[in-house]
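**Student:** A single structure is presented below for examination.
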Amino acid sequence: MLCMVCKQQEATVHLTQVVEGKIKKLDLCEACSKAKGVDDPTGFSLADLLMGLGASQEIAQAASSGESSCPTCGFTQADFKKSGRLGCPDCYRAFSDGLEALLKTMHKGHQHVGKAPGSLAGQTQTQSRTPGRSPEDRLQALQRSLEEAIKVENYEEAARIRDEIKALKVPNGGAVTA
Amino acid sequence: MHLLEFLRPPQEAAKQSGPQDKIVLSSRVRLARNLSGSPFPGWAKKPERIRACEAIRTAVQELPEMQGAFAESMDALSGLDKQILVERHLVSREHAAKGTGSGLVLSKDESLCVMINEEDHLRMQSLKPGLQLHEAWQTIDTLDTRLENRLTYAFSPELGYLTACPTNVGTGMRVSAMLHLPGLVLAEQINQVVQAVNKLGLAVRGLYGEGTEALGNIFQISNQMTLGETETVIVERLSKVVAQIIEHEENARGTLLEKKPKVVFNHIGRAYGILANAHSISSKEAMNLLSLLRIGLDLGLFPGTARSLVDELTILTQPAHLQARYSEKLSAEERDIRRADMMREALRTVNRPVIPPDTAEPLDKPPPA
């Protein structure tokens with residue numbers, strides 16, 4: 001069996017991890033395992049590694065649609081396929097078609113509902129004059145995700161979003177920090 | 001100031017305490033941020049990286065929480081310095097490998113660390129002893145909010161904070177707790193716990209992946225997903241999971257002591273025996289045995305000895321920390337010898353484990369007739 005990274009050396013390091021109920025496997029040669037930090041217990045997650053390797057299928061898919069290169073920084077689909085990293089913030093727009101599916105497999109949702117610049121979220125409740133996302137926007141975003149979750153019959157997700165909306169509607173501005 | 005003069009001595013670093021620190025070694029929240037209109041560090045050309053690094057470093061150093069901070073360019077640090085930062089869990093291995101155009105700002109109390117031009121322009125983290133995930137989030141949230149007044153972040157209303165790797169997009173947040181779980185490992189329940197945690201979409205890190213022993217029985221648990229949930233929801237979930245794991249670990253320790261006291265005392269006694277008498281010991285073996293010594297301390301088998309001694313030795317016996325004590329370059333074999341010397345010396349005043357009287361003779365059966 002050849003190493004999944006360099007595809008040249010014999011793979012001698014084999015890793016298995018269950019991520020979200022799915023078995024992910026990884027076969028590396030010794031040199032690549034060291035290079036990827038697999039020999040270090042403190043900074044190793046198979047999931048991180050999989051971003052560049054096991055998830056290559058999804059990344060390949062993500063890279064195969066949309067524009068071939070980012071107009072801002074010149075980063076190409078091939079670069080993304082190789083590294084699993086993007087070139088600049090605008091790449092998210094340039095490769096948005098393919099990225100959407102990839103983000104769905106990786107994350108809970110595809111709409112950001114957390115902190116936004118200028119909102120001073122979680123600290124003060126004076127959010128009105130700043131240009132960031134207002135609680136109303138966030139509520140709307142959540143509402144949209146909720147409808148979508150119900151549409152695809154993902155009730156577990158729907159219940160979670162419902163709770164989040166409830167938390168947001170609490171008079172203190174939704175700060176649920178303990 | 002040189003890094004080694006800036007950092008707290010290991011003896012002092014080992015003394016910090018926090019809630020639940022018997023099992024939770026530390027809590028950490030890391031945020032990834034990037035500058036708007038600027039390529040990510042991995043794709044940026046060297047002059048662009050240097051420019052971004054300068055701008056960020058100036059902004060970070062101006063923050064009130066960074067007064068008296070250690071700020072340095074990565075190319076100005078020696079290989080040994082960088083390795084020491086990794087061993088103290090202050091920078092990532094990836095960041096330690098960086099040179100020109102990357103930097104580091106570390107607060108005076110070492111609880112806040114900003115890595116500049118790692119994978120993202122900014123990787124800022126708050127590190128607290130014990131279980132303090134909410135506190136760590138609030139601290140880093142404040143720093144982030146102050147910083148956003150000085151820098152313009154790459155942000156999209158749909159995708160949140162834009163990061164070099166799509167796995168971090170959204171909140172850009174990674175919340176993690178470092179747990180010492182020897183009870184679950186000895187009771188062979190760690191597999192189930194790891195699997196259950198994975199099912200919740202959380203990652204368990206450790207050299208041997210899921211289901212096997214991690215070095216020194218230390219496991220790091222963190223969130224994987226960053227898009228579609230608020231920061232507080234993520235922090236809350238991880239806190240709940242960690243609280244449950246603490247309960248499981250305590251139960252496992254209780255059950256082991258009740259059902260298999262000899263197994264527990266055997267492990268601890270042997271660990272003490274080797275650490276107090278060995279003349280050569282590898283870093284890995286030392287970590288694993290120190291973990292057993294730590295549980296012995298938790299169980300009260302070493303009266304008069306503070307747990308911080310084990311934590312101090314854990315820091316001190318790591319390769320770079322050990323090397324830093326000597327001016328000449330040590331080979332791995334020499335390090336193993338010096339490490340063992342240091343252990344014997346440190347344990348000279350620690351008495352053999354005391355087995356509690358009620359468990360010393362658990363077989364209180366009447367003699368056979």
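The values are calculated or read from the model by the stated rules, or taken from the named source; none is laboratory data. In this text, all values refer to a predicted model and were calculated from it rather than measured experimentally. When we count neighbours, we look across all protein chains shown, and the Cβ atoms used for this are built from the backbone with ideal geometry, even at glycine. With ligands, DNA and RNA removed, areas are computed over all heavy atoms of the protein, side chains included. Shrake-Rupley method; radii C 1.70, N 1.55, O 1.52, S 1.80 Å.
**Student:** Would you check if there is a residue in the stretch B:160-172 being open to solvent by less than 10 Å² (accessible area, probe 1.4 Å), assigned to a loop (DSSP other than H, G, I, E, B), closer than 24 Å to B:LEU215 by Cβ and in contact (Cβ under 8 Å) with a residue 60 or more places away in the chain?
**Tutor:** Looking through the stretch B:160-172, none of the residues is open to solvent by less than 10 Å² (accessible area, probe 1.4 Å), assigned to a loop (DSSP other than H, G, I, E, B), closer than 24 Å to B:LEU215 by Cβ and in contact (Cβ under 8 Å) with a residue 60 or more places away in the chain.
**Student:** Then there is this: Among the residues that make up the stretch B:30-46, is at least one of them within 13 Å of chain A (Cβ to nearest Cβ), open to solvent by less than 20 Å² (accessible area, probe 1.4 Å), in contact with a Leu (Cβ under 9 Å, 6 or more places away or on another chain) and of a type in the set (S, T, N, Q)?
**Tutor:** yes
**Student:** Of all the residues that make up the stretch A:144-178, how many are at pLDDT 65 or above and either under 16 Å from B:GLY160 (Cα atoms) or surrounded by 13 or more Cβ atoms within 10 Å (Cβ to Cβ) (or both)?
**Tutor:** The total comes to 16.
**Student:** Consider B:GLY201 carefully, then state whether it is modelled with pLDDT under 90, of a type in the set (Gly, Ala, Ser) and not assigned by TED's automatic domain parsing to the domain that holds B:VAL264.
**Tutor:** Here the answer is yes, as B:GLY201 does meet what is asked.
**Student:** Sort out which residues of the stretch B:84-132 are open to solvent by 10 Å² or more (accessible area, probe 1.4 Å), free of Cβ contacts under 8 Å to residues at least 24 places away in the same chain and not in a loop (DSSP other than H, G, I, E, B), and write them in order of number.
**Tutor:** Those that are open to solvent by 10 Å² or more (accessible area, probe 1.4 Å), free of Cβ contacts under 8 Å to residues at least 24 places away in the same chain and not in a loop (DSSP other than H, G, I, E, B): B:ARG93, B:ALA96.
**Student:** Here is a further query. Considering only helices (runs of 4 or more DSSP H) fully contained in the stretch B:202-311, which possess at least 3 residues that are within 14 Å of another protein chain (Cβ to nearest Cβ)?
**Tutor:** Result: B:231-259, B:283-298.
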